[in-house]
1. Collect the residues in segment 112-130 that are open to solvent by 20 Å² or more (accessible area, probe 1.4 Å), within 20 Å of K99 (Cα to Cα) and free of Cβ contacts under 8 Å to residues at least 60 places away in the same chain, keeping them in residue-number order.
2. Can you give me the number of residues within segment 9-21 that are in contact (Cβ under 8 Å) with a residue 60 or more places away in the chain and either open to solvent by less than 80 Å² (accessible area, probe 1.4 Å) or part of a strand (DSSP E or B) (or both)?
3. Return the residues of segment 131-170 that are surrounded by fewer than 18 Cβ atoms within 10 Å (Cβ to Cβ) and in contact with a helix residue (DSSP H, G or I) (Cβ under 7 Å, 6 or more places away or on another chain); say none if nothing qualifies.
4. Can you name every residue in segment 121-165 that is among the charged types (D, E, K, R), part of a helix (DSSP H, G or I) and more than 16 Å from the chain's Cα centre (by Cα)?
Amino acid sequence: MKTVHRIDEKRIYLNGNSWGGYSTFYYSAYGYDPNVAAFAPMVGDGRNAWSATKDRFYKTEETTIDVRRDGGGLGGCLMARFPMWAFAVHDDRTVSVNKTIDPINSIRQNCEINHPTEIKMTLFNSGGHGYMNDRAWNGQLPNLTNWDRNHDEPDIDLYDWFMQFELIRN
């Protein structure tokens with residue numbers, strides 16, 4: 001894409017739905033690309049990203065992070081390096097809402113969060129597995145009323161939330 005389009009390399013974001021949500025969680029945990037500024041997994045299973053032990057290292061030009069040490073033996077705390085807004089739906093019969101709740105709560109309880117915005121998690125009461133497909137990118141998020149009040153309010157459009165963040169290189 002960079003060869004065809006003008007890309008602001010400080011504003012590369014990753015978002016995925018269902019298997020793409022799983023991949024978004026996993027990608028954030030194992031740092032395949034240190035050039036992503038923020039993540040938004042939707043109705044994906046983040047438990048493997050949190051709990052899978054990886055015998056690998058995350059490397060950038062400046063630093064090497066030992067996943068086995070810095071993640072407490074887990075890849076999970078590496079997810080806290082980036083702003084993340086995770087979404088799930090209580091009545092999703094394809095991917096249980098707990099597959100989002102468990103890793104996000106684990107990050108919040110066990111990891112140091114190194115950016116100005118807390119890890120966000122918004123849960124919707126109904127709508128099923130495809131609920132986010134129609135609503136995430138068309139400006140509807142701040143207007144949705146069926147969100148679970150025990151979790152973060154969808155108070156901003158996803159695009160606008162992403163645009164708050166840019167990659168900071170040391």
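1. Narrowing segment 112-130 to residues open to solvent by 20 Å² or more (accessible area, probe 1.4 Å): 112-118, 120, 125-127, 129-130.
Going one step further and asking which of them are within 20 Å of K99 (Cα to Cα), we end up with 118, 120, 125-127, 129-130.
Hits for segment 112-130 are E118, K120, N125, S126, G127, G130.
2. Initial filter on segment 9-21 (in contact (Cβ under 8 Å) with a residue 60 or more places away in the chain): 9-13, 15, 17-18, 21.
So of that shortlist, the ones also either open to solvent by less than 80 Å² (accessible area, probe 1.4 Å) or part of a strand (DSSP E or B) (or both) come out as 11-13, 15, 17-18, 21.
Number satisfying all stated conditions: 7.
3. Matches in segment 131-170: W137, L144, D155, I156, D157.
4. Looking only at segment 121-165, we keep the residues that are among the charged types (D, E, K, R), and these are 134-135, 148-149, 152-153, 155, 157, 160.
From what's left, part of a helix (DSSP H, G or I): 134-135, 160.
Of everything in segment 121-165, those that are among the charged types (D, E, K, R), part of a helix (DSSP H, G or I) and more than 16 Å from the chain's Cα centre (by Cα) turn out to be D134, R135.
The values are calculated or read from the model by the stated rules, or taken from the named source; none is laboratory data. Because the structure is predicted, anything quoted here is derived from the model rather than measured. In this analysis, Cβ positions are derived from the backbone assuming ideal geometry, glycine residues included, and neighbour counts consider all displayed protein chains. Heads up: the accessible areas ignore ligands, DNA and RNA and are worked out on the full protein's heavy atoms, side chains in. Shrake-Rupley method; radii C 1.70, N 1.55, O 1.52, S 1.80 Å.
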